[in-house]
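Before any comments, here is the structure.
The values are calculated or read from the model by the stated rules, or taken from the named source; none is laboratory data. Because the structure is predicted, anything quoted here is derived from the model rather than measured. Reconstructed Cβ throughout: ideal geometry from the backbone, glycine too, with neighbour counts over all protein chains shown.
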Amino acid sequence: MPDKPKVAFYWCASCGGCEEAVVDLAEKILDVVAAVDIVFWPVALDFKKSDVEAMEDGSILASFVNGAIRTTEQEEMALLLRRKSKVLVAFGSCAHLGGIPALANLWDREAIFDTAYRTTASTVNPEGTLPQVSLAHNGDRVHLPGFYNTVRALDQVTEVDYYIPGCAPTPNIIAGAVETLLGGDLPPAGTVLTPDIALCEDCPRLDTKPQELTIERFRRPHEVIADEGTCLLAQGLLCMGPATRSGCGHLCINGNMPCTGCFGPTSKVRDQGAKYLSAIASMLGFEDEAAIDRALDGIPDPVGTFYRYGLAGSLLRRRKMTPVDA
Amino acid sequence: MSADTNGQPRIGVYVCHCGTNIAATVDVEAVAEYAAGLPGVTVSKTYKYMCSDPGQELIKEDILANQLDRVIVAACSPSLHEATFRRATAAGGINPYYFHMVSIRELDSWVHTDIVEATAKAKDLIRAAIHRVRFHKPLERARVNVNPAVMVVGGGIAGIHAALTLANAGKKVYLVEREPSIGGHMAQFDKTFPTLDCAACILTPKMTEVGQHPNITLWTMAEVDKVDGYVGNYQVTVRHKPRFIIEEACVGCMECIEVCVFRRGKTPDEFNLGLNMRKPVYIPFPQAVPQVVVIDQDACIEFRTGRCKKTCVEVCAERNAIDFTQTETFDTVEVGAIVVATGFKTFDPRRTPSYGYGVYPNVYTAMEIERLVNASGPTEGHVTLRDGRTPETVGIVHCVGSRDVNTNEHCSRVCCMYSLKLAHLVKEKTGAEIYNFYIDIRAPGKGMEEFYNRVAEEGVHFIRGKVADVYPEAGNTGRVVLQAEDTLLGRVRKIPVDMVVLATGLEAQADADEVRRTFNITCGGGGFFMERHPKLAPVSTFTDGIFLAGCCQGPKDIPDTVAQAGAAAAEALALVDKGFVEMEPNTAYVVTEECSGCKTCIPLCPYTAISRVDGKAYINPVLCKGCGTCVAACPSGSIRQNLFEDEEIYEEILGVLANA
Ligand SMILES: Cc1cc2nc3c(=O)[nH]c(=O)nc-3n(C[C@H](O)[C@H](O)[C@H](O)COP(=O)(O)OP(=O)(O)OC[C@H]3O[C@@H](n4cnc5c(N)ncnc54)[C@H](O)[C@@H]3O)c2cc1C
Ligand code: SF4
Ligand code: SF4
Ligand code: SF4
Ligand code: SF4
């Protein structure tokens, strides 16, 4: 079947949810499989890196890469797929914005290794062995990927043509994106393949969001039984809906949970967290600092709240560390 | 990059010497040379004074000769000359908003001394501008029609003069005064310094003219409740307090006062500062405008019991002017400009107990003495003590509630002079020995020093020293002793006097903060309203179309008040007479297709410019002042602001940091 367009899937620093999401396409996956020729998909199919290297540059129509870039190997694969593909798609929040793995940018390699290999209660590592890039093993030299200090989104490593947002992307979004890409009428490079408008726009609860909203105390989802018909923000739950692209079909809202912002900002916003912080600040209608502090007590983890998915790609990028290792 | 730069802009950069203001601290030649090497820069020059005619001409000629499409001037501050250079840019035939100004004076040469570093900073700032201007868009100033009517708030001499000036120019004027009569403080004086002309003789004709002027609608017992709209188109809601007299029906015969069931007044007379009593139906003073009585609801028997014989109504008879059923009413009018002339209040000397005001009966405020020396005052001009005696010695204490960190830091400007006036008048009427206790005599202004010399020659005593204490003289003489350290003699003086006059200072009105909010203007030190610029825009405020006149802006005497009122009227006239205003285009706008309708922005606008239309936010460009609040807050980035687009700001930041 040489005429079918070739596509590739790859995962970098991710939880595997994005791979699941592809499988979740259920019967739709059969349409995809019928329409394309999958030339690389380590999770599901037995192809090797060398198979990709052997392909002609630009011979893959589209590579879908999920996960953030944390290691040298991930970077290498991203660059390889970039070279071999006409279109490189950042798939899911981690590839799109850095995602949850990028929250590790609050620490550096040393601190992460220290926690993961030394100090957690479940660690048994009497020799204090840490990951090495190169080590002797049974008389051979073994090489392992390098671990960067900083997690990056895919487009901080190489040029990305399109983005499919979401943690994980929903079946509808994936199917729509694939259809767009196969349809040939391609949107401008850099497009995020969802509506460019915030989630509130068609939120079923928008009418109940008051025009003058003053929040006296933010609450975390486990602290309240939220009313199912009322705007979650109005109930003090930090709903990221106003600062987050729509397209998810309000999955969280329908589950009576506030939006956590996984689709990222609209195209006009460079830093979702900063933007929403500035909006939230305007909802704290207090003059005295103590009252403001009280309201904010309900947000014990501001970075994990406002930058849950966007830290790597934001203006902040990471906690300051010198030098930023390349 | 903006479309009409065809990818590469043609920027003209002009670095101003500002004489030596900039050139002495910034190597302007090096800066211009550096800018010439940056991408997009077509010409880069320095000039001694860019704001001069030849400087502006330079811009114009270069635009034409070199097809410049962007202009940057690095000079003083945009608040000084942005408009100048925008005009010069427009004169060269390109949109004025392709111009951008860089401050290398206020932000650089004036605040640094190291030439090398100041020069480097100028380069950074200009580089930022070069990055930014390529994103500038052509913008248009919108025109809005102006309502020719003007409202004047406060009917003291300031408001009276402003209202008459405007009305004489043919403009419709609404004069709003909260007391039952116009006149303000000046109506309470007998004579005025430094010329000692009779206050009533010069004020009454103006008051009458206001009352009769066909172009003036005079509303007394009225206050402004709400101001909506914007420059040229204000909607002002005025609240009328009930007078219980139908103004149009009352002829001012005052027969009702005569026959009121109260044989004598029992309510302290406000106009005379409580030095006598008035009846529940009264006229504030004989020359009051309007010549209409007023009923004091708190004192009138009919209001208190509902069972008065109402002799007033009887005598008013067919004139039928009395109406006990009146209630608060409201009027909303449209005006193009507003002159705020709400005046001052005098310092309450109870706040400095050491002067004994309210404790010793013969300690008076200056305002009370103004009434005592006044021929139509409570004593018909006889200066007598509360027990009826004529004082033989009088001490006047200057700077009460002025020039004192514990009360007011400012100098009230008129107290020295009115103290001299009162010294003269009291001496003239009683022959008493008068002692002035002063810190400094402040007598600037026309005829003031001469007036001081004249009063000194009349034999009034001057003691340079701050009164530290006022206490009763031993032996029940009824006199009090003024104790002060005479700083000229270097010793403590204790002078027993029959009467003490406290020259209380001028303060902002008690409700200045409320009034400030109503008119959306600002207060400066001491609560007086802030002018837009102390030198160059002394009667304007930061809100277009709202002007200031008289003591509400700061203490001043009558000549300065009148001059300022004339200026405020002229500024208002210049605005309304032109017929339209041009709006700065630095406004915010919602990109409707991108707005999610989340409502975050709507309550934030300090000028209520944002509303919700068909589920989306809408910004009224005429109301928007470009403060940027909503732009920062819109969580989806759907609000942008002209001249402050994200690209412009990010590029500016990148530009300034490019060498960091
Ligand atoms: C004791 C004393 C003696 C003085 N003697 C002299 C002198 O001899 N010569 C001289 O040149 N200067 C003299 N001055 C200064 C002089 O009083 C002022 O320069 C002058 O009165 C200022 O006029 P104005 O209209 O600004 O304020 P005001 O006279 O205070 O008038 C303000 C008016 O606004 C009204 N008003 C206030 N708030 C509102 C509101 N919210 N809504 C509607 N109306 C409102 C008030 O009722 C009042 O009628 C003296 C001052 C004092 C205290
Ligand atoms: S804030 Fe959240 S719950 Fe409220 S309207 Fe927006 S998306 Fe819906
Ligand atoms: S209310 Fe009647 S009686 Fe009193 S002053 Fe007016 S017209 Fe005269
Ligand atoms: S920029 Fe300021 S004035 Fe303009 S609409 Fe936004 S909040 Fe209002
Ligand atoms: S804040 Fe932004 S998205 Fe929300 S209503 Fe206003 S303009 Fe629309």
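Summary table below
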item	result
Contacts under 6 angstrom Cβ, first residue in the stretch B:254-275 being of a type in the set (D, E, K, R), partner assigned to a loop (DSSP other than H, G, I, E, B), 6 or more apart	B:Asp269/B:Asn276
Per-region count, the stretch B:583-601, residues at the interface with chain A (Cβ under 10 Å from one of its Cβ atoms) and in contact (Cβ under 8 Å) with a residue 12 or more places away in the chain	9
Residues within the stretch B:409-429 that are assigned to a helix (DSSP H, G or I) and of a type in the set (Asp, Glu), tallied	1
Residues satisfying the stated conditions in the stretch A:92-106, i.e. within 8 Å of the chain's Cα centre (by Cα) and crowded, with 24+ Cβ neighbours inside 10 Å	A:Gly92, A:Ser93, A:Cys94, A:Ala95, A:His96, A:Leu97, A:Gly98, A:Gly99
The stretch A:186-211 residues that are within 16 Å of ligand 3 (Cβ to nearest atom), paired with ones that are among the β-branched types (Val, Ile, Thr) and not in a helix (DSSP H, G or I) (beta carbon under 9 Å, 6 or more apart)	none
Lone unmet requirement of (1) within 14 Å of chain B (Cβ to nearest Cβ); (2) more than 16 Å from ligand 4 (Cβ to nearest atom) for A:Glu212	(2)
Candidate set: the stretch B:508-551, residues that are outside any loop (DSSP other than H, G, I, E, B) and more than 16 Å from ligand 1 (Cβ to nearest atom); chosen: the one farthest from B:Ala570 (Cα to Cα)	B:Gly525
Restricting the stretch A:227-239 to residues that are buried (at least 19 other Cβ atoms within 10 Å of the Cβ) and among the aliphatic types (A, V, I, L, M), the residue that is farthest from the other protein chains (Cβ to nearest Cβ)	A:Leu237
The listed residue being within 11 Å of chain A (Cβ to nearest Cβ) and within 19 Å of B:Asn520 (Cα to Cα), out of B:Leu604, B:Leu575, B:Leu623	B:Leu604
Residue satisfying condition, being within 14 Å of another protein chain (Cβ to nearest Cβ) and more than 26 Å from A:Thr150 (Cβ to Cβ), within set A:Ser314, A:Ser282	A:Ser282
Test: residue in the stretch B:577-584 that is over 30 Å from B:Ala149 (Cα atoms) and either among the aliphatic types (A, V, I, L, M) or more than 16 Å from ligand 2 (Cβ to nearest atom) (or both)	no
Single residue of the stretch A:242-258 satisfying the filter (buried (at least 24 other Cβ atoms within 10 Å of the Cβ) and not polar (S, T, N, Q)) that is farthest from the other protein chains (Cβ to nearest Cβ)	A:Arg245
Inter-residue pairs, beta-carbon under 6 Å, first farther than 16 Å from A:Glu212 by Cβ and in the stretch B:604-616, second of a type in the set (Gly, Ala, Ser) and within 10 Å of ligand 5 (Cβ to nearest atom), 6+ apart	B:Gly615/B:Gly597; B:Lys616/B:Gly597
Among residues of the stretch B:609-620, those that are away from every other protein chain (no Cβ under 12 Å) and farther than 18 Å from A:Cys203 by Cβ, counted	5
Yes/no for A:Thr266 being loosely packed, with under 14 Cβ neighbours inside 10 Å, within 14 Å of another protein chain (Cβ to nearest Cβ) and part of a loop (DSSP other than H, G, I, E, B)	no
Meets criteria (part of a helix (DSSP H, G or I), surrounded by 19 or more Cβ atoms within 10 Å (Cβ to Cβ) and within 11 Å of ligand 5 (Cβ to nearest atom)) for B:Cys598	no
Residue match in the stretch A:290-302 (condition: closer than 25 Å to A:Ala13 by Cβ and either assigned to a loop (DSSP other than H, G, I, E, B) or at pLDDT 90 or above (or both))	yes
Of all residues making up the stretch B:570-615, the number that are among the charged types (D, E, K, R) and within 23 Å of B:Leu643 (Cα to Cα)	4
Hits in the stretch A:183-209 - residues which are part of a loop (DSSP other than H, G, I, E, B) and within 8 Å of another protein chain (Cβ to nearest Cβ)	A:Asp196, A:Ile197, A:Lys209
Unique residue being out of contact with any Gly (no Cβ under 6 Å at 6 or more places or on another chain) and within 16 Å of ligand 3 (Cβ to nearest atom) when the list is B:Phe344, B:Phe330, B:Phe324	B:Phe324
Boolean, A:Gly261 is more than 9 Å from every other protein chain (Cβ to nearest Cβ), more than 11 Å from ligand 2 (Cβ to nearest atom) and surrounded by 18 or more Cβ atoms within 10 Å (Cβ to Cβ)	no
Selection status of B:Cys630, in contact with a Cys (Cβ under 9 Å, 6 or more places away or on another chain), more than 8 Å from every other protein chain (Cβ to nearest Cβ) and surrounded by 17 or more Cβ atoms within 10 Å (Cβ to Cβ)	yes
Top-ranked residue of the stretch A:269-297 - restricted to ones that are among the polar types (S, T, N, Q) and without any contact (Cβ under 8 Å) to a residue 12 or more places away in the chain, ranked as surrounded by the most Cβ atoms within 10 Å (Cβ to Cβ)	A:Ser282
Output for the stretch B:95-141, where each listed residue is under 22 Å from B:Cys51 (Cβ atoms) and of a type in the set (Val, Ile, Thr)	B:Val102, B:Ile104, B:Val111, B:Thr119, B:Ile126, B:Ile130, B:Val133
